[in-house]
Amino acid sequence: MIAIYARQSIDKRESESIETQINKCLKLIDDEPYIVYKDKGFSGKNTQRPDLQRMLDDIKSKKIRAVYVYRLDRISRNIADFYQLFQYMVDNNCSFVSAKENFDTSTASGKLLMGILAQFAQIERETIQMRVKDNYYHRIQDGRWAGGPAPYGFKNGKIDDKIPTLYKIDDEISAVKLAFNHYEDDFSMSLGKVARLLESKGYQSRKRKTFDNVTIARILQNPVYAIADETLYKYFKMRKAKILNPIEEWNGTRAAAIVGKRVSNKNTRKYTDLSEQTVYLTNFRGTIPSIQFVKVQERLAQNQQIKRANAPTRMKELAGLLKCAKCEYAIKIYNDPKLDCYKNRGLHDCDAQFKSVDFEALRKSIRTKVIEVIKNLAERVEESERGYKKIEDELNELIEKRDNLIEQSLNNGKLERAFSNYIEKLQDQIEQKELQLSTYTPIKYEAFEMRHIEMELGDIEKAKEVYRKLIKRILLEENGDYTIEWKI
Ligand SMILES: [Zn+2]
């Protein structure tokens with residue numbers, strides 16, 4: 001089925017009427033059945049148009065073979081949208097024809113143009129992102145709170161009923177002070193110990209009531225508690241953060257806030273490199289002296305390094321993959337060689353015990369399964385390569401046949417007429433095969449050598465690399481049974 005798409009915005013001067021658009025498209029269509037989709041009174045600036053959406057649904061359910069429009073800008077006035085819509089059609093084997101521009105994606109020049117369009121779309125997307133970002137930074141330069149829900153120690157509020165800010169909650173702020181003081185002073189202090197100390201004094205965290213490593217780390221890392229002066233400025237400068245306010249404004253009357261994507265994991269930021277982050281001054285005063293804040297950051301970074309140096313080696317190639325089947329949190333080795341669920345050990349919130357699991361036996365058993373899968377995968381890769389080759393051979397055969405016929409009929413009008421139907425049929429088949437090849441995705445596993453994989457698994461670093469490619473996670477039960485969730 002053919003789809004004819006017509007759109008007219010409210011501004012009538014800009015374009016032909018819907019009826020004209022449809023008629024122009026109809027001239028290009030022979031006898032094929034068609035459906036008309038029309039959005040009257042809608043602009044082409046976005047894709048929020050009822051009939052456009054309906055057409056996309058029909059394309060998805062493969063009802064539509066080709067979309068016809070009168071002019072390219074009927075489908076969209078925005079290159080990024082346009083390209084996305086076009087890509088959607090390609091994915092659903094639907095071609096796209098524009099009457100006015102004589103543009104047809106089933107031809108080579110149409111495809112070429114789409115390639116160029118794709119690059120413009122990318123540039124347009126990037127420009128928009130940049131503009132949004134600039135506007136955002138401009139907005140927060142007055143110190144307004146831009147971080148969403150208030151962090152521990154604060155509640156959201158508004159100055160003069162309009163500028164977002166944070167108000168301190170005294171009781172929580174004293175818990176924050178306590179956390180900073182203890183973590184700075186006592187060198188045997190860990191995040192877990194700080195958490196228990198706060199609990200023993202009767203403080204409660206917001207969500208879980210109890211504190212844990214993550215909530216404490218989040219508090220200790222947040223400059224929203226710190227007095228923003230020259231020292232703090234220099235600290236952020238050194239960590240390569242982007243700073244919105246000039247140094248003169250860092251005069252100790254405000255706190256600082258970080259915006260930007262979080263790097264290391266969902267919960268905590270990297271301690272050492274803040275180059276992806278932007279820092280700005282808030283519209284309220286800080287509490288923790290900047291020197292103390294900086295000292296605490298240095299200790300956090302140190303502890304992080306120690307942790308990183310220890311943990312992965314203990315867990316060998318299973319680092320990061322082993323999860324508690326009961327609560328799905330990470331399983332780690334706290335007490336070599338015994339395994340423990342992090343939610344049990346760290347958060348006291350899961351009762352799973354893995355004391356009876358033999359870690360070395362578990363590694364061996366998992367390795368056997370991985371090798372099995374890899375061998376199987378090697379067969380699948382070969383099979384898929386054979387499949388690709390077969391289509392390719394068929395295609396070449398068809399092309400040869402067609403070219404022969406064309407050659408024979410070149411100087412012979414009679415033959416030409418006799419062959420023309422057949423040539424056309426062959427051409428159809430050729431295009432069919434080409435399409436098949438272009439959408440054929442053989443399983444790619446060139447990243448590692450199948451044949452030597454068994455030997456390589458002896459090297460923990462290599463094994464880790466292979467495991468990461470193949471395995472999503474491994475759920476371990478208390479009795480040592482496990483389920484591997486594969487990525488493939
Ligand atoms: Zn657990």
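So here's what we get for this one:
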quantity: Sole residue being loosely packed, with under 14 Cβ neighbours inside 10 Å and either of a type in the set (Ser, Thr, Tyr) or touching a residue at least 12 places away in the same chain (Cβ under 8 Å) (or both), chosen from Ile10, Ile64, Ile18; calculated: Ile10
quantity: Count - residues of the stretch 240-250 that are closer than 13 Å to Thr282 by Cβ and part of a loop (DSSP other than H, G, I, E, B); calculated: 3
quantity: Counted residues, the stretch 355-376 - those being buried (at least 18 other Cβ atoms within 10 Å of the Cβ) and assigned to a loop (DSSP other than H, G, I, E, B); calculated: 1
quantity: Looking only at the stretch 321-339, and only at residues there that are in contact (Cβ under 8 Å) with a residue 60 or more places away in the chain, surrounded by 15 or more Cβ atoms within 10 Å (Cβ to Cβ) and not hydrophobic (A, V, I, L, M, F, W, C), the one that is nearest to the ligand (Cβ to nearest atom); calculated: Lys326
quantity: Test for Val373: is it within 16 Å of the ligand (Cβ to nearest atom) and touching a Leu at 6+ places or on another chain (Cβ under 9 Å); calculated: no
quantity: Test: residue in the stretch 192-200 that is under 19 Å from Thr278 (Cα atoms) and loosely packed, with under 13 Cβ neighbours inside 10 Å; calculated: no
quantity: Test: residue in the stretch 123-144 that is in contact with a strand residue (DSSP E or B) (Cβ under 8 Å, 6 or more places away or on another chain), surrounded by 13 or more Cβ atoms within 10 Å (Cβ to Cβ), over 30 Å from Glu434 (Cβ atoms) and of a type in the set (Gly, Ala, Ser); calculated: yes
quantity: Some residue of the stretch 68-87 being within 22 Å of Ala118 (Cα to Cα) and surrounded by fewer than 14 Cβ atoms within 10 Å (Cβ to Cβ); calculated: yes
quantity: The lone exception for Tyr388 - which of (1) more than 31 Å from the chain's Cα centre (by Cα); (2) away from the ligand (no atom under 16 Å from the Cβ); (3) aromatic (Phe, Trp, Tyr) it fails; calculated: (1)
quantity: Unmet criterion (only one of (1) part of a helix (DSSP H, G or I); (2) out of contact with any Pro (no Cβ under 7 Å at 6 or more places or on another chain); (3) under 30 Å from Leu220 (Cα atoms)) for Glu379; calculated: (3)
quantity: In the stretch 433-445, residue modelled with the lowest pLDDT [restricted to those that are exposed (fewer than 14 other Cβ atoms within 10 Å of the Cβ) and assigned to a helix (DSSP H, G or I)]; calculated: Thr439
quantity: Residues located in the stretch 100-140, provided they are small (Gly, Ala, Ser) and either assigned to a helix (DSSP H, G or I) or in the same structural domain as Ile243 (by TED's automatic domain parsing) (or both); calculated: Ala108, Ser109, Gly110, Gly115, Ala118, Ala121
quantity: Ile399 vs. criteria farther than 26 Å from Leu470 by Cβ, assigned to a helix (DSSP H, G or I) and away from the ligand (no atom under 16 Å from the Cβ); calculated: yes
quantity: Number of the condition not met by Leu198 [criteria: (1) in contact with a helix residue (DSSP H, G or I) (Cβ under 6 Å, 6 or more places away or on another chain); (2) assigned to a strand (DSSP E or B)]; calculated: (2)
quantity: Members of the stretch 340-354 found to be closer than 20 Å to Arg196 by Cα, in a strand (DSSP E or B) and either more than 7 Å from the ligand (Cβ to nearest atom) or of a type in the set (Phe, Trp, Tyr) (or both), listed by number; calculated: Asp340
quantity: Conditions (1) of a type in the set (Val, Ile, Thr); (2) closer than 30 Å to Asp81 by Cβ; (3) part of a loop (DSSP other than H, G, I, E, B); number of the one not met by Thr210; calculated: (2)
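For every residue, the table says whether it meets (1) part of a helix (DSSP H, G or I); (2) at negative phi; (3) of a type in the set (Ser, Thr, Tyr); (4) at pLDDT 90 or above.
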| residue | (1), (2), (3), (4) |
| --- | --- |
| Leu52 | yes, yes, no, yes |
| Val67 | no, yes, no, yes |
| Arg77 | no, yes, no, no |
| Gln87 | yes, yes, no, no |
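The values are calculated or read from the model by the stated rules, or taken from the named source; none is laboratory data. Just so you know, these numbers come straight off a predicted model, no measurement behind them. When we count neighbours, we look across all protein chains shown, and the Cβ atoms used for this are built from the backbone with ideal geometry, even at glycine.
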